[in-house]
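Okay, structure first, notes after.
The values are calculated or read from the model by the stated rules, or taken from the named source; none is laboratory data. The structure presented is a predicted model; accordingly, all values stated were derived computationally and were not measured. We place every Cβ from the backbone using ideal geometry, glycine too, and count neighbours over all the protein chains shown. Accessible surface areas use protein heavy atoms only, side chains included; no ligands, DNA or RNA. Shrake-Rupley method; radii C 1.70, N 1.55, O 1.52, S 1.80 Å.
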Amino acid sequence: IFLADRELGQVLRPDTTVTMGTPEFRSTVRINSVGLRGPELGEKSRPRLLTIGDSFTLALQVDEEDSFQARLSEALDMEVLNAGVDGYGVHRALRMARRHVEQDQIDAVLLVLFLGNDIGDTAGFHHEGYPPMPELPSRLTRADRLFGWSALYFHAVAWQRARHARHDPRLSGQFKREARIFRKGVDLGAEVAPTLEALALFSQDCQSWGIPCRVALAPPSFVIDEQRALATFDTMGMPEVKLDLGAPARLLLEQTPPELQPFDLTPALAEANPEGPVYLRFDGHWTVRGHQVVGETLGAELQNLR
């Protein structure tokens, strides 16, 4: 479903419909002719809200009707468009917004900033563009098919990956870089500075467009579940690390340009989680219930957009 893009690395492949799935989830994903997930854009009949961000915005794990965008559309009586793409930090999400605001008559923009890796992705943004994506195989291997359909094989692979994660320099190194912001004693200001600079650009663009823009902070699963946090850091070879899981959100709430009115989704997700999982166990993205909670929370927070 992805297509190489010189400026953004990858975008969604227009006019594509696929079935996604593992034993944890099954979904149908359709991409319209302008590269947004969802139906074709017809003649504008309601105000349009563009949602931008990474895989939490794209939400491949759920069907369109179960996404937070669908619930938000109903709550706000707006047409909510999905411009999320896997791997995007703030800079890339903003450049995606620039492609659509004028073209698609957008009336407001919502950035969903995933605290798990967007801060690192933003710091590593390539301002001059990206090399071509590697060619992917045109057919799934037998192992790929088993991973998608066999619960036994899926859990075996997940267990094996977790067991060996701390000994894999690529996996453990990536996690330790991304998890730095949740450790006590880290210079959080330096870590978050590139993200704050990108948010300032976002604010400037919104002012030039003359439309309201908002920022929602989305936590990784271990932030809302202390036991999951301990297990995650132990698995990655960091059992003795002292954590301050709320520090990144607190700093961003304080220092994001006030006109973007940032708010944190953590309290709502943490409150809802004991009654039923809001994150998939292995995949780590929101469940259908998680999207319901996020959609309801956003609907209440964004009433002033109308």
Notebook entry, point to check: Considering only strands (runs of 3 or more DSSP E) fully contained in segment 1-97, which possess at least 1 residues that are open to solvent by 40 Å² or more (accessible area, probe 1.4 Å) and of a type in the set (Lys, Arg)?
Noted result: 25-31
Next item on the list: Could you figure out which of (1) more than 21 Å from the chain's Cα centre (by Cα); (2) at pLDDT below 95 isn't true of Glu259?
Entry: (2)
Check: What number of residues within segment 249-272 satisfy the criterion of being touching a helix residue (DSSP H, G or I) at 6+ places or on another chain (Cβ under 7 Å) and either among the hydroxyl-bearing types (Ser, Thr, Tyr) or within 16 Å of Leu115 (Cβ to Cβ) (or both)?
Finding: 14
Checklist line | Selected residue [of a type in the set (Lys, Arg) and touching a Leu at 6+ places or on another chain (Cβ under 9 Å)] from Arg92, Arg26 | finding: Arg92
Next item on the list: State yes or no: is Asp283 touching a strand residue (DSSP E or B) at 6+ places or on another chain (Cβ under 8 Å) and modelled with pLDDT under 95?
Entry: yes
Item checked: Residue count, segment 269-306 (criterion: surrounded by fewer than 16 Cβ atoms within 10 Å (Cβ to Cβ), touching a Leu at 6+ places or on another chain (Cβ under 8 Å) and assigned to a helix (DSSP H, G or I)) -> 1
Check: Does Asp205 satisfy being open to solvent by 20 Å² or more (accessible area, probe 1.4 Å), within 24 Å of Leu302 (Cα to Cα), out of contact with any His (no Cβ under 7 Å at 6 or more places or on another chain) and acidic (Asp, Glu)?
Finding: yes
Margin query: What are the pairs with Cβ atoms under 7 angstrom where one residue, in segment 76-92, is modelled with pLDDT under 95 and the other, located anywhere, is crowded, with 23+ Cβ neighbours inside 10 Å? Sequence gap at least six, or different chains.
Written below: Gly87/Asp54
